There are 2 protein chains.
Amino acid sequence: MLTTTTPAYDGLTSTFQRLHHLQHLQSIAWWDQAANMPPRGSDARAAALAEMAALMHRMRTDPQLRDGLDRAEQEPLSDLQRANLREMRREWWQSNALPESLVQRAQLATSRCEHAWRKQRPANDWPGFLANFREVLATGREEATLLAEQSGLSRYDALIDRYEPGMSCAQLDRIFGDVRQWLPGLIQRVVDKQSREPVIAPVGPFPIAAQRALCERAMRLLGFDFEAGRLDVSTHPFAGGVPEDVRLTTRFREDEFLISLMGTIHETGHGRYEQNRPRELLGQPVSRARSMAIHESQSLSFEMQLGSHPGFAGLLAPLVRESFGDQPAFEAGNLHRLMTRVKPGLIRVDADEVTYPAHIILRYEIERPLIEGEIEPEDVPALWDAKMGELLGIDTRGNFKDGPLQDVHWPEALFGYFACYSLGAMYAAQWFAAMRRQTPDLDASIAAGNLAPVFDWLRDNIWSAASRYTTDELAQRATGEVLNPAHFRAHLEARYLAG
Amino acid sequence: MLTTTTPAYDGLTSTFQRLHHLQHLQSIAWWDQAANMPPRGSDARAAALAEMAALMHRMRTDPQLRDGLDRAEQEPLSDLQRANLREMRREWWQSNALPESLVQRAQLATSRCEHAWRKQRPANDWPGFLANFREVLATGREEATLLAEQSGLSRYDALIDRYEPGMSCAQLDRIFGDVRQWLPGLIQRVVDKQSREPVIAPVGPFPIAAQRALCERAMRLLGFDFEAGRLDVSTHPFAGGVPEDVRLTTRFREDEFLISLMGTIHETGHGRYEQNRPRELLGQPVSRARSMAIHESQSLSFEMQLGSHPGFAGLLAPLVRESFGDQPAFEAGNLHRLMTRVKPGLIRVDADEVTYPAHIILRYEIERPLIEGEIEPEDVPALWDAKMGELLGIDTRGNFKDGPLQDVHWPEALFGYFACYSLGAMYAAQWFAAMRRQTPDLDASIAAGNLAPVFDWLRDNIWSAASRYTTDELAQRATGEVLNPAHFRAHLEARYLAG
């Protein structure tokens, strides 16, 4: 055996390599569960996945791992190794920060709440939901308090940190406070402008086989490697699998094709990030995607910045015609108008690029005081309605199912997650602003079908960096500044109000 | 915690339950590898599966497991618990009997040989194969010697025992010696008889989507539970997955439909055995399928005894017509003649029910002296040719690729496995003979589409018993006698020579 000056670090890398291999089987089983598994397979699958989770939890909470982390700090590590050690410690912290008994209580509460919510939502049963959600919120508050004590962060910051390390309420208050000022006015101006721009609706049906082929052609156009991934169908689209074998899913309806096409383009952004994480470091935490917001910045770079670009609509138009035959709606300009139609609505996941942040700001402004104990669950509907009125001009009274019951995040206690969606949209706008500085003819290049400047920039600045830098460092290195929401505003104004 | 009089046994059951959960993830990953995985996913998958295999091997070779097995022997166990303990010990033995260094050498040798064989077979490269196969055989002989020393069995018996516990050369010599006497003459008489019975060939193409739907209809007819399983496509058809979620595969060609239909019916037999293993015992070794031959007796009960029954051809005929339109070839009698056409050929996997045992006897008569050191690999081609001449009247000189290079079993060192295929055919004939004694109008019942007597008998006698009894006990309880190849001969004579 070779002698090494970093025995503790080396021991850690082999532990995380083993975890990586086990995670592979876990990820494939999750994908299979969503894409293939017949209903009677679910109990056995749940038991198998629970066994694996327990096994990996034992590996991550083994006291030797903590010793290894402490000893490795004293070893002569390179910058890359030190970044890996930082990410190892982060993963260790996430498995060790909370007492097992609290984790189990929280899992029970969310599992009960989420299960009941599936029927309570269609039944508009807010009081029924409240009965379970109180316990979910109680354990969420307990977790926030414990994480805050140990990390020195505030309670809600400690929850955000699980998804978006380095992000804080102070920043979110500043960012969302700014957006809140200009967004309602912007929405109004866009809606007014679009009311004078008629758009032709496509006429279905759109056969599923043709839709699938169209989605796969769009994925190829966007550089997805089908030798290292697939597209399948699931009820809730997602990007899963492993970096060496990325499994994207979508869903199809015969009467509509644009939702699944744009959804597939969205997942392709997640997929290419995963496919291009640094190959030689796979298995080490430093190779992981930087954060949820940065991941979303990739899916939104693909879906919104590139996929909904007027030049890209020109690339899609002939593919759409080849898939479904010619119709007036498939003219490139009309296709682009279809992709960029803005309409305030009740449902976050159906929202367009312009109204989406309103849904996120609303959730942030309710979730934070909920966690901090300033409001209680029974206060939510009135707040929801008031904020929907302020931000989108919509009356939601009595409609719980399309209101606070619409998302799975609260029944699943994913407190601190929502902000990442809009942060991702803002980062994506910032990436494209930087690309345009580097490649002034970027828009012409996209329209001409040369997407290499986009992919090269993302590969060099985001994908290959993975978790080597903190999020602020990553943004600074890539664009010369940390997150700056002005780029997002400029993007919306340029796309929706110019011309 | 409740006190228990069987603490060691209880500890064992929880260890095997954990192994069962991990095996679930392994099985789904194997299925996915064959049915879905894109090519560039293979290295990561191999590494993940190797990690899991190592982890499970550590669990199975933990010295505490041996202690537990020894202590449980002294505990007051029920008959069922004692049967479970016997199967636990068998699983333990299979993981602990051979030194790790030998297992690794053998894996290296088979992996090298199998990899090269994929190209050597199409190139007819026997000398190239020999260079690798010598090492495969050497480690196979070492394994046989060590297993024989520890078990008290003869060397080849010790290898058979891995697949077919309780089976021995002494029995195989008696069984195959008997078949060898009457088979060549029977084949000749069948071929003569069929030469006077013209058969109409179906006219393709047969669209893949229609073939898949036909296969799924046949599976439903055969009681496959699609709420707990699926049919997919892979290069080499197999029955995989887990008992709660059985994954069958087939493959399709546009110019032929009967091969994939009958192949699917074959896998459905394996699948129903798995779907009907005793639910309350899943996770314990006593719930496993009894042996390879008994498993094959289920696939062949479905494919040959039932699926190729003239009455069943009458049930399939309308489904075939609905799938591909009407043609003369789809008349029930003609369909049955197509299913039961006998023609001596070079390839085992393409062989009909009558000539199949000749391929197995040949392999047994070569493999056994190879393992026992009576012959060497360079002696194989001459023996192969002589035996193909004696048994099937076929000249194979110089044709290695359709001769000793045709099967994956030797490159993969699956010595002792081949016999199970023909033992399965014999058991299947014995099961149906017993069914006919219990249900004298069985053939009329099948023709009328009432398959319940078949399924009920298999469920009561084979599926629900799983590994509760030894194979001889199982056969004795089900049919009043241990394996008796006379039923197989009677079946062939009745189906192929009567009328």
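Scan the stretch B:120-140 for residues that are under 20 Å from B:T396 (Cα atoms) and of a type in the set (K, R) and jot them down. Can you show your working first?
Kept after step one, since they are under 20 Å from B:T396 (Cα atoms), are these residues of the stretch B:120-140: B:120-130.
The answer is B:R121, and nothing else.
Which residue out of A:R290, A:R321 is without any contact (Cβ under 8 Å) to a residue 40 or more places away in the chain and in contact with a helix residue (DSSP H, G or I) (Cβ under 7 Å, 6 or more places away or on another chain)?
Details: A:R290 fails: without any contact (Cβ under 8 Å) to a residue 40 or more places away in the chain.
After applying the criteria, what remains is A:R321.
Where residues in the stretch B:388-444 are open to solvent by 30 Å² or more (accessible area, probe 1.4 Å) and in a helix (DSSP H, G or I), which of them is nearest to B:Y356 (Cα to Cα)?
B:Y421
A:D443 - would you say it is in contact with a His (Cβ under 8 Å, 6 or more places away or on another chain) and either over 25 Å from A:A313 (Cβ atoms) or not β-branched (V, I, T) (or both)? Working first, answer last.
On the way: in contact with a His (Cβ under 8 Å, 6 or more places away or on another chain): yes; either over 25 Å from A:A313 (Cβ atoms) or not β-branched (V, I, T) (or both): yes.
The answer is yes for A:D443.
Would you mind telling me which numbered condition in (1) in contact with an Asp or Glu (Cβ under 7 Å, 6 or more places away or on another chain); (2) within 30 Å of B:S195 (Cβ to Cβ) B:E412 fails?
Result: B:E412 passes all but (2).
Does B:P38 fit the bill of being outside the structural domain of B:G283 (by TED's automatic domain parsing), in contact with a Lys or Arg (Cβ under 7 Å, 6 or more places away or on another chain) and more than 22 Å from B:L282 (Cβ to Cβ)? Steps first, please.
Details: outside the structural domain of B:G283 (by TED's automatic domain parsing): yes; in contact with a Lys or Arg (Cβ under 7 Å, 6 or more places away or on another chain): yes; more than 22 Å from B:L282 (Cβ to Cβ): yes.
It is true that B:P38 is outside the structural domain of B:G283 (by TED's automatic domain parsing), in contact with a Lys or Arg (Cβ under 7 Å, 6 or more places away or on another chain) and more than 22 Å from B:L282 (Cβ to Cβ).
Would you kindly identify the helices (runs of 4 or more DSSP H) lying entirely within the stretch B:1-84 that contain at least 1 residues that are touching a strand residue (DSSP E or B) at 6+ places or on another chain (Cβ under 6 Å) and more than 9 Å from chain A (Cβ to nearest Cβ)? Write out each step before concluding.
Working: elements: B:7-35, B:42-61, B:63-73.
Here the list reads B:7-35.
Could you tell me whether A:R71 is within 28 Å of the chain's Cα centre (by Cα) and surrounded by 15 or more Cβ atoms within 10 Å (Cβ to Cβ)? Break it down into steps so the answer makes sense when it comes.
Values: within 28 Å of the chain's Cα centre (by Cα): no; surrounded by 15 or more Cβ atoms within 10 Å (Cβ to Cβ): yes.
Answer is no for this residue.
If you scan the stretch A:177-232, which residues turn out to be away from chain B (no Cβ under 14 Å), open to solvent by 20 Å² or more (accessible area, probe 1.4 Å) and among the small types (G, A, S)?
A:G177, A:G185, A:S195, A:A201, A:G204, A:A210, A:A213, A:G223, listed by residue number.
Which one of the conditions (1) part of a loop (DSSP other than H, G, I, E, B); (2) among the hydrophobic types (A, V, I, L, M, F, W, C); (3) in contact (Cβ under 8 Å) with a residue 24 or more places away in the chain does A:I375 fail to meet, given that it meets all the rest?
(3)
From the list B:S78, B:S42, exactly one residue is surrounded by fewer than 15 Cβ atoms within 10 Å (Cβ to Cβ) and farther than 27 Å from B:G240 by Cβ. Which is it? Reasoning before the result, please.
Working: B:S42 fails: farther than 27 Å from B:G240 by Cβ.
Only one candidate qualifies: B:S78.
Mind checking which pairs have a first residue in the stretch B:157-175 that is over 12 Å from B:R290 (Cα atoms) and a second that is among the acidic types (D, E) and in a helix (DSSP H, G or I), Cβ under 7 Å, 6 or more apart or different chains?
Here the result reads B:S168/B:D157; B:C169/B:D157, each pair linking the stretch B:157-175 to a residue that is among the acidic types (D, E) and in a helix (DSSP H, G or I).
Does the stretch B:233-255 include one or more residues that are within 14 Å of another protein chain (Cβ to nearest Cβ), touching a strand residue (DSSP E or B) at 6+ places or on another chain (Cβ under 8 Å) and part of a loop (DSSP other than H, G, I, E, B)? Before you say what the answer is, go through the steps one by one.
Just the residues of the stretch B:233-255 that are within 14 Å of another protein chain (Cβ to nearest Cβ), to begin with: B:233-234, B:240-249.
Imposing the further condition that a residue be touching a strand residue (DSSP E or B) at 6+ places or on another chain (Cβ under 8 Å) reduces the set to B:233-234, B:240-241, B:245-249.
This time we only want the ones that are part of a loop (DSSP other than H, G, I, E, B), so: B:234.
Within the stretch B:233-255, one or more residues are within 14 Å of another protein chain (Cβ to nearest Cβ), touching a strand residue (DSSP E or B) at 6+ places or on another chain (Cβ under 8 Å) and part of a loop (DSSP other than H, G, I, E, B).
What number goes with the only condition from (1) free of Cβ contacts under 8 Å to residues at least 40 places away in the same chain; (2) open to solvent by 10 Å² or more (accessible area, probe 1.4 Å) that A:I366 does not pass?
Every listed condition holds for A:I366 apart from (2).
Of (1) open to solvent by 40 Å² or more (accessible area, probe 1.4 Å); (2) of a type in the set (D, E, K, R); (3) not assigned by TED's automatic domain parsing to the domain that holds A:V286, A:E91 satisfies all except one. Which?
(1)
The values are calculated or read from the model by the stated rules, or taken from the named source; none is laboratory data. This one's a predicted model, so the numbers in the text were calculated from it and none came from an experiment. Here the Cβ is made from the backbone with ideal geometry for all residues, glycine too, and neighbour counts use every protein chain on show. The protein model used for the area step is the full one, side chains on, heavy atoms only, and it has no ligands, DNA or RNA in it. Shrake-Rupley method; radii C 1.70, N 1.55, O 1.52, S 1.80 Å.
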